[in-house]
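Report on the structure given below.
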């Protein structure tokens, strides 16, 4: 298993060892003793979620605060362009993003800690995405950073994605700062 800290070192790309033969493949998708030394709060995982999306769909950029959530993401089927934006007020990488292509072919995972907005764009005809979540879902704490905020300059694969009505209403980074929702605890 290979772990790579990205340009924002708190976000980790995980490349599991995949064992393939004539029957198919096998890989270990999670083991606490491998992830904990990297700072992944394994004891906080309390929810597994799955989303299915059609090609051209963009989900995000979502986050919760307070009651923030860390997420371990991977594509069970299809391929996504996955994005994590540092929205921790005062962080040296505040407003910066990292991205990775996650697919059912490469089996890569992305660890996104608390204090990041997360979103993805579906590159394939469809995609099924698994989220292992540290922190419970709290609808009253849910926020959305607008996907095309010019300050972020995210190089999305498409600038005409299919969005939910909720995601169309996302706020710019400056607006979220003014509302005080980017002050994360711990």
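The values are calculated or read from the model by the stated rules, or taken from the named source; none is laboratory data. Bear in mind the structure is a predicted one, so any value in this text is a computation, not a measurement. Positions of Cβ are generated from backbone atoms using ideal geometry, with glycine treated the same way; all protein chains shown enter the neighbour counts.
Which of the residues that make up the stretch 151-165 are in contact with a helix residue (DSSP H, G or I) (Cβ under 7 Å, 6 or more places away or on another chain) and loosely packed, with under 13 Cβ neighbours inside 10 Å?
151 - this is the single residue of the stretch 151-165 that is in contact with a helix residue (DSSP H, G or I) (Cβ under 7 Å, 6 or more places away or on another chain) and loosely packed, with under 13 Cβ neighbours inside 10 Å.
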Pairs returned, first residue in the stretch 164-186 that is modelled with pLDDT under 95, second residue that is assigned to a helix (DSSP H, G or I), beta-carbon separation under 7 angstrom, 6 or more apart or interchain, are 182/176
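With the stretch 31-150 as the region, which strands (runs of 3 or more DSSP E) entirely inside it contain at least 3 residues that are free of Cβ contacts under 8 Å to residues at least 60 places away in the same chain and either surrounded by fewer than 16 Cβ atoms within 10 Å (Cβ to Cβ) or at negative phi (or both)?
Passing ranges, in order: 70-77, 79-86, 97-103.
Condition test on residue 12, is it touching a residue at least 12 places away in the same chain (Cβ under 8 Å) and under 12 Å from residue 109 (Cβ atoms)? Give the derivation first.
Numbers: touching a residue at least 12 places away in the same chain (Cβ under 8 Å): yes; under 12 Å from residue 109 (Cβ atoms): yes.
Judged against the criteria, residue 12 is a match.
If you check residue 62 against the conditions, is it closer than 20 Å to residue 182 by Cβ and modelled with pLDDT of 95 or more?
Taking the combined requirement at face value, the residue satisfies it.
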Scanning the stretch 10-59 residue by residue, the ones that are modelled with pLDDT of 95 or more and out of contact with any strand residue (DSSP E or B) (no Cβ under 9 Å at 6 or more places or on another chain) total 1
